[in-house]
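Each remark here refers to the structure printed beneath this line.
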Amino acid sequence: MCRRIAEGTRWSKCGHFQRHLVVAIVDCDSSKCERSIRHHKGCRDSSCLKNYGPDVQKDIDTVNDECFQCRAAAARRVPT
């Protein structure tokens with residue numbers, strides 16, 4: 001399964017990653033992956049992989065806080 005190399009922000013308190021940019025694609029060299037250069041153009045095999053695998057996450061900066069979604073979820077849990 002081919003994968004994308006993504007650069008982004010790591011939120012240190014929750015550990016989540018926010019992707020900003022895909023900088024490269026790692027080819028898996030599999031004829032069973034539609035994203036690979038080795039996949040045959042006229043292939044009609046429904047068992048071939050159609051999506052990328054998990055991103056390779058490359059941290060370009062780190063924020064010492066929780067991500068926006070985690071902060072919003074925490075705010076919803078606070079009783080009013």
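Give the residues of region 27-70 that are among the hydrophobic types (A, V, I, L, M, F, W, C) and either more than 20 Å from ARG10 (Cβ to Cβ) or in a loop (DSSP other than H, G, I, E, B) (or both), sorted by residue number. Listed by number, the residues that qualify are CYS28, CYS33, ILE37, CYS43, CYS48, LEU49, CYS67. For region 56-80, residues that are among the polar types (S, T, N, Q) and open to solvent by 100 Å² or more (accessible area, probe 1.4 Å) total 3. For region 1-20, a residue qualifies if it is under 18 Å from PHE68 (Cβ atoms) and either assigned to a strand (DSSP E or B) or modelled with pLDDT under 95 (or both), and the qualifying residues are ALA6, GLY8, THR9, ARG10, TRP11, PHE17, GLN18, ARG19, HIS20.
The values are calculated or read from the model by the stated rules, or taken from the named source; none is laboratory data. Keep in mind the model is a prediction, meaning the values are calculated, not measured. We place every Cβ from the backbone using ideal geometry, glycine too, and count neighbours over all the protein chains shown. Each accessible area value is taken on the protein alone, full model and side chains, heavy atoms only, with ligands, DNA and RNA left out. Shrake-Rupley method; radii C 1.70, N 1.55, O 1.52, S 1.80 Å.
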